1. May I ask you to derive the relative contact order of region 287-416, considering only C-alpha pairs under 8 Å and at least 6 residues apart, and to give it as an integer percent?
2. How many angstrom lie between the C-alpha centres of region 95-132 and region 29-47?
3. Amide H to amide H, which residues 5 or more places from S318 or on other chains are under 5 Å from it, using H placed in the peptide plane?
4. Suppose we keep just the alpha-carbon trace of region 29-94; what are its Rg and Dmax in angstrom?
5. State, as an integer percentage, the relative contact order of region 230-280 based on alpha-carbon contacts under 8 Å between residues 6 or more apart.
6. Stretch E394-D285 to full length: gain in nm at 0.36 nm per residue minus the Cα-Cα span?
7. Applying the Karplus parametrisation 6.51 cos²θ - 1.76 cosθ + 1.60 with θ = phi - 60° to the phi angles of region 276-282, what ³J(HN,Hα) value in whole Hz is obtained for each residue in order, glycine and proline being reported as x?
8. Of all the C-alpha pairs in region 220-266, what % are more than 15 Å from each other?
Amino acid sequence: MGGLTLPQLLRAEAAGGVKMGHKAVIMIFLPGGPSHQDMFDLKMDAPSEIRGEFKPIETNVSGIQICEHLPKVAKLMDKMAIIRSIVGCNGDHYAVQCLTGRTHQNMPPGGWPSLGAVLSKLQGATNKYIPPFIGLSPKMGHMPWADAGTPGFLGVAHAPFKPDGAGKQDMVLNGVTLDRLADRRALLSGFDKLRREIDSSGLMEGVDCFNQQAFGMLTSSRLLEALDLKNEDQKIVEKYGKGDPKNRDDGGPKLMEHFLIARRLVEAGARCVTLAFSRWDHHGDNFGALRQDLPLLDQGLSALIEDLYQRGLDKDVSVVVWGEFGRTPTINKEAGRDHWPRVMSCLLTGGGLKTGQVTGVTDAWGAEAKERPYRVQNVLATVYHTQGIDPATELTDRTGRLVSLLEDRKPISELL
């Protein structure tokens, strides 16, 4: 099989039922705080100013209903789990709380390491050609939404590789593109320049690992092929759909291809891929905006889930879908919902979790957790569990102090 390209190899592995050989996480961040009571926790018995404009539909799991604008997801509910009772979020627009379980305030020197950085540190790369941690989140007007996750106090060696959108053309080393890497001398010259630049900025820690990773990426086609959809089965590409590459105000674009690229990257060897999709901060025209975005999310997410299951990757790859908080129960005068950090919903699939269920209950207005309240850290503890990592693990920070990976390290037991 030495002459096969990556897409051919992956198709052959899928056809033969061959597993990836490593665990991985895809985190889908919905910037701005999606409206939980208009997506996964509809309240049809509430007054109209609470209830909203959408109707629930049945899923393929008896007793579970979700929004009418998520029909494809509804048909796959047996492969998903919904948590309706996540509490204790910070009300600020930062992706960091989903990536680390912590807020952007009172950080230790270097900052808190994100999920992808922790996986990189504790488990390392699966092969030298694919970075263990890849961030697809595109640039946005509000950059805390575009946070793909930082290495924090773990150091630059565990930072995410960012191809910047589809990004193949942006994979350069100090101005030398892949096409122009004619010989080893040009490559080493680029490394020398890179080393000097990092040294002058005080980021020498981890540079040897960083250089080794960069060398592997730039001398192998494996990463490029994983990022390139030209050789993917076009029926699969069409199934994921086509979105809008333009940014929405201060938010992000609707890059449907990122759902597919994320699957290809974990299949190729990445341990964690983060992406951010569209903009969900709907203080006005909440229902008009959701009518546009929910069908796109429905298509991209359902295609990803079906893809993972059809390829036999559902036990290996965990997928998390959420935003930084929920929305107010009461609809405001602009037909929008405002920030509501007191409760939100989250969707999980894969990773060998027990799916086809809803855990947690909110009150009649979707304002407070009524049963089984969980925190973001409980969700991350569950994800770490799927990766074979003990949530009670301790890490050494820059002062030499042992710091708990999570403060609340209890996974969500009904999902395990």
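1. On the way: 160 pairs, mean separation 24.3, N = 130.
Normalised by residue count, the contact order of region 287-416 is 19 percent.
2. Computed from Cα coordinates, the inter-centre distance equals 29 Å.
3. The list, which skips near neighbours in sequence, is A24, V25, I26, G351.
4. Just the Cα atoms of region 29-94 yield Rg and Dmax of 13.0, 36 Å.
5. Working: 50 pairs, mean separation 17.0, N = 51.
Reported relative contact order: 33 percent.
6. 34.8 nm
7. So the J values, rounded to whole Hz, are 10, 10, 6, 9, 10, 8, 9.
8. Working: 525 of 1081 pairs.
Counting pairs separated by more than 15 Å, the tail of P(r) holds 49 percent.
Values quoted throughout were computed directly from the atomic coordinates according to the rules given, and no laboratory measurement underlies them. Owing to the predicted nature of the structure, the values given are computational and were not obtained by experimental measurement. For neighbour counting, all protein chains shown are included, and Cβ atoms are generated from backbone atoms with ideal geometry for every residue, glycine included.
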